[in-house]
Amino acid sequence: MDPSERVAQRLKLRTLHVLDAVVRSGSMAKAASLLNVTQPAVSKAIGELERALGVRLLDRNPQGVQATIYGHALLKRGTAIFDELKQGVKEIRFLADPTAGEVRIGCGEAFGAGLLPAILERLGRLYPRISYHMVLTTSPEEELQVLRERRVDLLLTRIPEPFVEEDMHADVLFHERLYVIAGRRSKWAQRRRVSLSELANEQWILTPPNSVPFSLMEEAFRAKNLEVPAARAVSFSLHLRNSLLPTGRYLTVLPGSCLHYSAMRSALKALPVEFPSRPTPVAIVTLTHRTPNPVNQIVIDCARDVAKPLRRK
(Lines give C-alpha, C1' and ligand atoms only; values in the text may rest on other atoms or scores of the structure.)
Protein backbone atom coordinates (compact mmCIF):
# COMPACT_ATOMS: atom_id res chain seq x y z
CA MET A 1 0.00 0.00 0.00
CA ASP A 2 1.20 3.51 -0.81
CA PRO A 3 2.41 5.30 2.39
CA SER A 4 0.02 8.21 1.85
CA GLU A 5 -2.91 5.80 1.53
CA ARG A 6 -1.87 4.03 4.72
CA VAL A 7 -1.75 7.35 6.59
CA ALA A 8 -5.11 8.40 5.11
CA GLN A 9 -6.71 5.22 6.44
CA ARG A 10 -5.48 6.01 9.94
CA LEU A 11 -6.56 9.67 9.90
CA LYS A 12 -9.95 10.62 11.28
CA LEU A 13 -11.86 13.83 10.70
CA ARG A 14 -12.45 14.07 14.44
CA THR A 15 -8.68 14.06 15.05
CA LEU A 16 -8.17 16.89 12.54
CA HIS A 17 -10.92 18.80 14.33
CA VAL A 18 -9.08 18.30 17.63
CA LEU A 19 -5.82 19.59 16.12
CA ASP A 20 -7.59 22.66 14.76
CA ALA A 21 -9.14 23.40 18.17
CA VAL A 22 -5.76 23.07 19.93
CA VAL A 23 -4.02 25.45 17.51
CA ARG A 24 -6.83 28.00 17.59
CA SER A 25 -7.01 28.03 21.39
CA GLY A 26 -3.27 27.68 21.97
CA SER A 27 -3.83 25.20 24.77
CA MET A 28 -4.70 21.53 25.25
CA ALA A 29 -6.88 22.40 28.25
CA LYS A 30 -8.81 25.14 26.40
CA ALA A 31 -9.31 22.85 23.41
CA ALA A 32 -10.66 20.11 25.70
CA SER A 33 -13.12 22.60 27.17
CA LEU A 34 -14.23 23.76 23.71
CA LEU A 35 -14.71 20.19 22.52
CA ASN A 36 -16.33 19.06 25.78
CA VAL A 37 -13.82 16.24 26.29
CA THR A 38 -11.02 15.57 28.77
CA GLN A 39 -7.51 16.92 28.33
CA PRO A 40 -6.00 13.40 28.23
CA ALA A 41 -8.35 12.58 25.33
CA VAL A 42 -7.04 15.61 23.44
CA SER A 43 -3.41 14.68 24.16
CA LYS A 44 -4.06 11.11 23.04
CA ALA A 45 -5.64 12.24 19.75
CA ILE A 46 -2.71 14.54 18.96
CA GLY A 47 -0.21 11.80 19.84
CA GLU A 48 -1.92 9.30 17.55
CA LEU A 49 -1.94 11.86 14.74
CA GLU A 50 1.77 12.61 15.16
CA ARG A 51 2.65 8.90 15.21
CA ALA A 52 0.59 8.26 12.08
CA LEU A 53 2.36 11.05 10.19
CA GLY A 54 5.79 10.53 11.73
CA VAL A 55 6.34 14.26 12.42
CA ARG A 56 5.79 16.67 15.30
CA LEU A 57 2.68 18.76 14.71
CA LEU A 58 2.85 20.96 17.81
CA ASP A 59 5.57 22.76 19.72
CA ARG A 60 4.90 22.77 23.47
CA ASN A 61 6.18 25.59 25.68
CA PRO A 62 5.22 27.20 29.03
CA GLN A 63 2.96 29.68 27.21
CA GLY A 64 0.98 26.97 25.45
CA VAL A 65 1.22 25.19 22.11
CA GLN A 66 1.85 26.33 18.56
CA ALA A 67 1.64 24.52 15.26
CA THR A 68 4.89 23.49 13.60
CA ILE A 69 5.36 23.88 9.85
CA TYR A 70 3.95 20.34 9.53
CA GLY A 71 0.95 21.24 11.66
CA HIS A 72 0.22 24.33 9.56
CA ALA A 73 0.50 22.28 6.35
CA LEU A 74 -1.95 19.66 7.65
CA LEU A 75 -4.41 22.27 8.93
CA LYS A 76 -4.35 24.09 5.60
CA ARG A 77 -5.51 20.91 3.84
CA GLY A 78 -7.83 20.06 6.72
CA THR A 79 -9.62 23.39 6.29
CA ALA A 80 -10.25 22.50 2.65
CA ILE A 81 -11.53 19.04 3.64
CA PHE A 82 -14.03 20.41 6.16
CA ASP A 83 -15.11 23.10 3.73
CA GLU A 84 -15.74 20.56 0.98
CA LEU A 85 -17.89 18.52 3.36
CA LYS A 86 -19.90 21.61 4.28
CA GLN A 87 -20.37 22.45 0.62
CA GLY A 88 -21.50 18.89 -0.01
CA VAL A 89 -24.13 19.15 2.72
CA LYS A 90 -25.27 22.50 1.31
CA GLU A 91 -25.51 21.03 -2.19
CA ILE A 92 -27.62 18.12 -0.97
CA ARG A 93 -29.96 20.51 0.82
CA PHE A 94 -30.11 22.72 -2.27
CA LEU A 95 -30.95 19.74 -4.49
CA ALA A 96 -33.74 18.86 -2.09
CA ASP A 97 -35.00 22.47 -2.05
CA PRO A 98 -33.40 24.95 -4.53
CA THR A 99 -35.18 27.89 -2.87
CA ALA A 100 -33.37 27.46 0.47
CA GLY A 101 -29.79 27.65 1.69
CA GLU A 102 -27.23 30.10 2.97
CA VAL A 103 -24.33 32.09 1.55
CA ARG A 104 -21.47 34.03 3.14
CA ILE A 105 -20.47 37.23 1.34
CA GLY A 106 -17.36 39.32 1.97
CA CYS A 107 -17.19 43.01 1.02
CA GLY A 108 -15.90 46.42 2.05
CA GLU A 109 -18.03 49.00 3.79
CA ALA A 110 -18.80 50.99 0.64
CA PHE A 111 -20.46 47.98 -1.01
CA GLY A 112 -21.92 46.84 2.31
CA ALA A 113 -23.78 50.15 2.62
CA GLY A 114 -24.95 50.42 -0.99
CA LEU A 115 -24.89 47.72 -3.64
CA LEU A 116 -25.01 44.63 -1.40
CA PRO A 117 -28.21 45.64 0.48
CA ALA A 118 -29.87 46.22 -2.91
CA ILE A 119 -28.83 42.74 -4.03
CA LEU A 120 -30.02 41.14 -0.78
CA GLU A 121 -33.33 43.00 -0.89
CA ARG A 122 -34.04 41.55 -4.34
CA LEU A 123 -32.88 38.08 -3.28
CA GLY A 124 -35.09 38.30 -0.19
CA ARG A 125 -38.15 38.89 -2.35
CA LEU A 126 -37.32 36.11 -4.82
CA TYR A 127 -35.85 33.55 -2.39
CA PRO A 128 -37.16 34.28 1.13
CA ARG A 129 -35.70 31.03 2.53
CA ILE A 130 -32.07 31.82 1.65
CA SER A 131 -30.08 33.34 4.51
CA TYR A 132 -27.07 35.62 4.15
CA HIS A 133 -24.00 36.27 6.29
CA MET A 134 -21.89 39.35 5.53
CA VAL A 135 -18.21 39.55 6.48
CA LEU A 136 -16.99 43.17 6.48
CA THR A 137 -13.41 43.71 5.27
CA THR A 138 -11.17 46.78 5.37
CA SER A 139 -8.64 46.13 2.60
CA PRO A 140 -8.19 44.18 -0.65
CA GLU A 141 -5.57 42.01 1.08
CA GLU A 142 -8.03 41.06 3.82
CA GLU A 143 -10.71 40.28 1.25
CA LEU A 144 -8.48 37.82 -0.58
CA GLN A 145 -7.44 36.28 2.73
CA VAL A 146 -10.98 35.60 3.98
CA LEU A 147 -11.84 34.01 0.62
CA ARG A 148 -8.72 31.83 0.58
CA GLU A 149 -9.41 30.80 4.18
CA ARG A 150 -12.94 29.86 3.03
CA ARG A 151 -14.60 32.10 5.59
CA VAL A 152 -16.79 33.42 2.77
CA ASP A 153 -18.28 31.82 -0.34
CA LEU A 154 -17.75 34.87 -2.52
CA LEU A 155 -16.51 38.46 -2.53
CA LEU A 156 -18.22 41.58 -3.83
CA THR A 157 -15.26 43.80 -4.55
CA ARG A 158 -13.38 46.15 -6.84
CA ILE A 159 -10.63 44.30 -8.75
CA PRO A 160 -7.51 45.45 -10.63
CA GLU A 161 -7.03 45.04 -14.35
CA PRO A 162 -5.68 42.59 -15.23
CA PHE A 163 -6.90 40.30 -12.46
CA VAL A 164 -3.93 38.01 -11.79
CA GLU A 165 -5.07 35.83 -8.88
CA GLU A 166 -4.67 32.38 -10.46
CA ASP A 167 -6.71 30.58 -7.81
CA MET A 168 -9.71 32.88 -8.21
CA HIS A 169 -12.41 33.64 -10.78
CA ALA A 170 -13.98 37.07 -11.22
CA ASP A 171 -17.46 37.72 -12.67
CA VAL A 172 -17.37 41.42 -13.61
CA LEU A 173 -20.68 43.17 -12.93
CA PHE A 174 -19.85 46.69 -14.18
CA HIS A 175 -17.10 49.33 -14.26
CA GLU A 176 -17.36 52.02 -11.63
CA ARG A 177 -16.11 55.59 -11.24
CA LEU A 178 -15.52 57.69 -8.15
CA TYR A 179 -17.39 60.97 -7.64
CA VAL A 180 -16.70 64.01 -5.50
CA ILE A 181 -19.48 64.14 -2.91
CA ALA A 182 -20.80 66.97 -0.73
CA GLY A 183 -23.79 67.39 1.55
CA ARG A 184 -26.87 69.08 0.10
CA ARG A 185 -26.25 72.04 2.42
CA SER A 186 -22.75 72.61 1.05
CA LYS A 187 -22.09 75.82 -0.89
CA TRP A 188 -20.64 73.64 -3.64
CA ALA A 189 -23.89 71.73 -4.05
CA GLN A 190 -25.55 74.90 -5.39
CA ARG A 191 -23.00 75.40 -8.15
CA ARG A 192 -23.63 74.30 -11.75
CA ARG A 193 -19.94 73.88 -12.45
CA VAL A 194 -16.96 73.38 -10.17
CA SER A 195 -13.27 73.03 -10.98
CA LEU A 196 -11.17 70.56 -9.05
CA SER A 197 -8.63 73.25 -8.17
CA GLU A 198 -11.33 75.19 -6.27
CA LEU A 199 -11.77 72.25 -3.91
CA ALA A 200 -8.11 71.80 -3.01
CA ASN A 201 -8.34 73.70 0.30
CA GLU A 202 -11.66 72.27 1.48
CA GLN A 203 -12.07 69.88 4.40
CA TRP A 204 -11.74 66.39 2.95
CA ILE A 205 -12.59 62.99 4.39
CA LEU A 206 -10.20 60.54 2.75
CA THR A 207 -9.32 56.86 2.97
CA PRO A 208 -5.78 55.86 4.11
CA PRO A 209 -2.96 56.55 1.60
CA ASN A 210 -2.36 52.85 0.86
CA SER A 211 -5.98 52.23 -0.22
CA VAL A 212 -7.44 51.86 -3.72
CA PRO A 213 -9.84 54.87 -3.38
CA PHE A 214 -6.93 57.10 -2.31
CA SER A 215 -4.77 55.97 -5.25
CA LEU A 216 -7.62 56.74 -7.67
CA MET A 217 -8.11 60.17 -6.10
CA GLU A 218 -4.37 60.82 -6.32
CA GLU A 219 -4.52 59.84 -9.99
CA ALA A 220 -7.37 62.28 -10.65
CA PHE A 221 -5.67 65.24 -8.96
CA ARG A 222 -2.34 64.58 -10.67
CA ALA A 223 -4.12 64.44 -14.03
CA LYS A 224 -5.07 68.06 -13.31
CA ASN A 225 -1.53 68.90 -12.13
CA LEU A 226 -2.77 69.29 -8.57
CA GLU A 227 -1.55 67.92 -5.26
CA VAL A 228 -3.87 65.67 -3.30
CA PRO A 229 -5.53 67.87 -0.65
CA ALA A 230 -4.70 67.38 3.00
CA ALA A 231 -7.22 65.22 4.82
CA ARG A 232 -9.22 66.62 7.70
CA ALA A 233 -10.29 63.08 8.58
CA VAL A 234 -8.82 59.73 7.46
CA SER A 235 -11.10 56.71 7.64
CA PHE A 236 -12.80 53.95 5.65
CA SER A 237 -15.97 54.53 7.70
CA LEU A 238 -19.14 55.42 5.83
CA HIS A 239 -20.80 56.13 9.17
CA LEU A 240 -18.30 58.96 9.66
CA ARG A 241 -18.98 60.32 6.18
CA ASN A 242 -22.75 60.06 6.61
CA SER A 243 -22.48 62.06 9.84
CA LEU A 244 -20.11 64.79 8.61
CA LEU A 245 -21.16 65.37 4.99
CA PRO A 246 -24.72 66.62 5.78
CA THR A 247 -23.20 69.51 7.77
CA GLY A 248 -22.11 70.98 4.44
CA ARG A 249 -18.52 71.56 5.59
CA TYR A 250 -16.87 68.41 4.24
CA LEU A 251 -16.11 66.72 0.93
CA THR A 252 -15.22 63.13 0.08
CA VAL A 253 -15.10 60.72 -2.85
CA LEU A 254 -17.48 57.77 -3.12
CA PRO A 255 -18.09 55.07 -5.74
CA GLY A 256 -21.14 55.58 -7.92
CA SER A 257 -22.91 52.48 -6.61
CA CYS A 258 -22.65 53.75 -3.03
CA LEU A 259 -24.34 57.02 -3.96
CA HIS A 260 -26.92 55.30 -6.18
CA TYR A 261 -28.11 52.81 -3.55
CA SER A 262 -27.20 54.52 -0.26
CA ALA A 263 -29.96 55.23 2.25
CA MET A 264 -28.30 58.67 2.63
CA ARG A 265 -28.48 59.59 -1.06
CA SER A 266 -31.15 62.28 -0.48
CA ALA A 267 -28.72 64.14 1.82
CA LEU A 268 -25.74 63.90 -0.55
CA LYS A 269 -24.86 65.23 -3.99
CA ALA A 270 -22.25 64.37 -6.60
CA LEU A 271 -20.62 67.66 -7.53
CA PRO A 272 -20.48 68.77 -11.21
CA VAL A 273 -16.69 68.59 -11.33
CA GLU A 274 -14.48 66.86 -13.86
CA PHE A 275 -12.81 64.10 -11.86
CA PRO A 276 -10.59 62.07 -14.20
CA SER A 277 -10.35 58.81 -12.33
CA ARG A 278 -10.36 55.64 -14.41
CA PRO A 279 -13.36 53.32 -14.03
CA THR A 280 -12.49 50.11 -12.20
CA PRO A 281 -14.23 46.72 -12.48
CA VAL A 282 -16.60 45.64 -9.72
CA ALA A 283 -16.89 41.86 -9.60
CA ILE A 284 -18.02 38.84 -7.66
CA VAL A 285 -14.93 36.74 -6.93
CA THR A 286 -14.89 33.04 -6.05
CA LEU A 287 -12.20 30.39 -5.58
CA THR A 288 -11.46 28.44 -8.76
CA HIS A 289 -10.77 25.02 -7.24
CA ARG A 290 -13.52 25.01 -4.65
CA THR A 291 -16.80 23.17 -4.91
CA PRO A 292 -19.19 26.09 -5.37
CA ASN A 293 -21.96 26.84 -2.93
CA PRO A 294 -25.11 26.14 -5.01
CA VAL A 295 -26.54 29.49 -3.91
CA ASN A 296 -23.56 31.35 -5.45
CA GLN A 297 -25.01 31.39 -8.96
CA ILE A 298 -28.32 32.69 -7.67
CA VAL A 299 -26.47 35.58 -5.99
CA ILE A 300 -24.41 36.29 -9.12
CA ASP A 301 -27.47 36.31 -11.39
CA CYS A 302 -29.32 38.62 -9.01
CA ALA A 303 -26.30 40.92 -8.71
CA ARG A 304 -26.18 41.24 -12.50
CA ASP A 305 -29.84 42.28 -12.58
CA VAL A 306 -29.38 44.84 -9.80
CA ALA A 307 -26.25 46.26 -11.48
CA LYS A 308 -27.93 46.89 -14.86
CA PRO A 309 -28.52 50.62 -14.16
CA LEU A 310 -24.85 51.01 -13.25
CA ARG A 311 -23.73 49.28 -16.46
CA ARG A 312 -25.83 51.71 -18.48
CA LYS A 313 -24.18 54.63 -16.67
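The values are calculated or read from the model by the stated rules, or taken from the named source; none is laboratory data. For clarity, every value in this text was computed on a predicted model and none was experimentally measured. Note that each Cβ is placed from the backbone with ideal geometry, even for glycine, and that neighbours are counted across all protein chains shown. All accessible areas refer to the heavy atoms of the entire protein, side chains included, with ligands and DNA or RNA removed. Shrake-Rupley method; radii C 1.70, N 1.55, O 1.52, S 1.80 Å.
Structure summary
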read-out: Apportionment of accessible area to carbon and sulfur, the range 143-224, percent (1.4 Å); value: 45 percent
read-out: For the range 125-163 and the range 7-70, distance of Cα centres in Å; value: 31 Å
read-out: For the chain, calculated [θ]222 nm from helices alone, where every DSSP H run of n ≥ 4 adds -39500 (n - 2.57); value: -13500 deg cm²/dmol
read-out: Rounded accessible area per residue of the chain, 1.4 Å, Å²; value: 55 Å²
read-out: Candidate lysines for bridging to Lys12, where Cα separation is under 29 Å - those fewer than 8 sequence places away on the same chain excluded; value: Lys30, Lys44, Lys76, Lys86, Lys90
read-out: Local electrostatic count, Ser197, Cβ distance below 13 Å [Lys/Arg +1, Asp/Glu -1]; value: -1
read-out: Charge dipole of the chain about the Cα centre (unit charges at C-beta), most positive-ward option of Leu147, Ala31, Ala200; value: Ala200
read-out: P(r) weight above 26 Å for the range 1-147, C-alpha pairs, percent; value: 47 percent
read-out: Ranked packing of 187-200, 143-156, most packed first, by mean Cβ within 10 Å; value: 143-156, 187-200
read-out: Phi-based couplings in Hz for the range 116-126 (Karplus 6.51, -1.76, 1.60; Gly and Pro marked x); value: 4, x, 5, 5, 5, 5, 5, 4, x, 6, 7
read-out: Karplus-derived 3J(HN,Hα), 6.51/-1.76/1.60, for each residue of the range 83-88, Hz, glycine and proline x; value: 5, 4, 4, 4, 5, x
read-out: Net charge contributed by nearby residues that have their C-beta within less than 11 Å of Leu74 (K/R +1, D/E -1); value: 0
read-out: Summed side-chain charge close to Thr280 - residues other than Thr280 whose Cβ falls under 12 Å, Lys, Arg +1, Asp, Glu -1; value: 0
read-out: Accessible-area composition of the range 57-109, carbon plus sulfur, in percent [1.4 Å probe]; value: 61 percent
read-out: Interchain or long-range residues, amide H under 5 Å from Trp204's placed H; value: Arg232, Ala233, Leu251
read-out: Projected-area mean, the range 242-291, by convex hull of Cα positions, square nanometres; value: 5.7 nm²
read-out: Rg(Cα) / (2.2 N^0.38 Å) computed for the chain, rounded to two decimals; value: 1.25
read-out: Percent accessible area from carbon and sulfur atoms, the range 235-313, protein chains only, probe 1.4 Å; value: 55 percent
read-out: Cut-off 17 Å (backbone N to label point 7 Å along Cα→Cβ of Gln297), residues of the range 155-176; value: 169-172
read-out: Dipole magnitude of the chain, debye to nearest 20 (Cβ charges: Lys/Arg +1, Asp/Glu -1, about Cα centre); value: 1020 debye
read-out: Inter-label distance, nm, simple model (7 Å from Cα along the C-beta direction), Arg56/Arg193; value: 7.5 nm
read-out: Furthest towards positive pole of dipole, Ala113, Thr280, Pro292, structure part the chain, Cβ charges; value: Ala113
read-out: Calculated SAXS-style log₁₀ I(q)/I(0) at q = 0.09, 0.17, 0.19 Å⁻¹ - the range 67-204, Debye, Cα scatterers; value: -0.45, -1.12, -1.27
read-out: Gain on full stretching of the segment that runs from Arg125 to Asn242 - 0.36 nm per residue minus C-alpha separation; value: 39.4 nm
